[in-house]
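In what follows, a structure is listed as structure tokens, so that the remarks can point back to it.
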Amino acid sequence: MSTLAHTMMTAARSTDSGLAGPGELDRYPYAEPQVADRVGAPSWEGADPDLGRVGRRAAGSRGRGLHGQLVQQLGQMIVSGDLGADRPLVPEEIGQRFEVSRTVVRESLRVLEAKGLVSARPNVGTRVRPVSDWNLLDPDIIEWRAFGPQRDDQRRELSELRWTIEPLAARLAAGHGREDVQQRLCDMVEIMSHAMAQGDALTYSRADNEFHALLIQIAGNRMLEHLSGIVSAALQVSGGPVTGCDRPNEASLAQHARIVDALGTGDGVAAETAMRQLLTVHPEVERVVPAPREH
């Protein structure tokens, strides 16, 4: 067995965030109360002695079929370091290992190349690229890093990035309020309140995700709106108490409500302040994920 095949067989893992994207709450207004408390944390299964067909590994596929599953599998292995920088990736070997066609392998490698994870050059072949070349703002890479060896750095960086993006978005949104969006934000706070009372972490997370996505969308800045996917990914992969969004409680809910109230009165300063307070890390994890300093 080749080194690459052995690495794939012993280091492969699967993940499933289990979260719906913005706009899907109407289909799932409330989940059952017995939903697991820990939201969005994928199951790392460790060594898997028999990968078998990719098609049988449904976790993490997100309905994308063999192509999506192979992208997920290889992407995780690259980001985790199981396939290190400059490691050659032989399409024929990958196809045999995962029992997929050349077309599936080729398309999967193209996706990974677009994300900056691999490069394909004539007479050189396809090789894993160094971290400096990765598109670190890609939602998939955010997810893979958040559950890999770099998870602490990734969550800290996401927290700091959100601190930069969202207070500004909240301030700008106060000047671009729309009645329909305002009502939708109120609805999200109500859903979050109900979910918290029911101990329904999944529904709380979905509503929180849509709340923040809507807020960025109404800020009136297309470049900020382009970054909404990063915030969405950050919310889905937090996996632990980093900011006030990650632990449903009365204080977090109150800050969401204050943001809505500030938007309703057009008070940009109050909206920005409430968002900063919401994004402040919990004292017990401040040593691990420090709040960004204001300059």
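The values are calculated or read from the model by the stated rules, or taken from the named source; none is laboratory data. A quick note: this is a predicted structure, and the numbers were derived from the prediction, not measured. Glycine also receives a Cβ, built like all others from the backbone with ideal geometry; neighbour counts cover every protein chain displayed. For accessibility, only protein heavy atoms count, side chains too; no ligands or nucleic acids. Shrake-Rupley method; radii C 1.70, N 1.55, O 1.52, S 1.80 Å.
With a 1.4 Å probe and all protein chains kept in place, how do Thr126, Thr273, Thr265, Thr203 rank by accessible area, largest first?
Thr265, Thr273, Thr126, Thr203
Pop the C-beta distance of Val90 and His226 into the FRET formula with R0 = 35 Å and round what comes out to the nearest 0.05. Intermediate results must be reported in sequence, preceding the final value.
Values: r = 36 Å, r/R0 = 1.03.
Plugging the Cβ-Cβ distance into 1/(1 + (r/R0)^6) gives 0.45.
Per 0.36 nm of contour for each residue apart, how much would the distance between Glu107 and Asp152 grow if the chain were fully extended, relative to their Cα-Cα spacing?
13.1 nm
Distance from the Cα centre of the range 184-206 to that of the range 133-152, in angstrom?
Here the answer is 27 Å between Cα centres.
Could you tell me the ratio Rg/Rh of the range 176-220? Both radii from Cα atoms, Rh via Kirkwood.
Numbers: Rg = 11.0 Å, Rh = 10.7 Å.
Rg divided by Rh gives 1.04.
Can you tell me the length gained on complete extension of the stretch Glu99 to Asp133, counting 0.36 nm per residue apart and subtracting the Cα distance?
Separation in residues times 0.36 nm, less the Cα-Cα distance, equals 9.3 nm.
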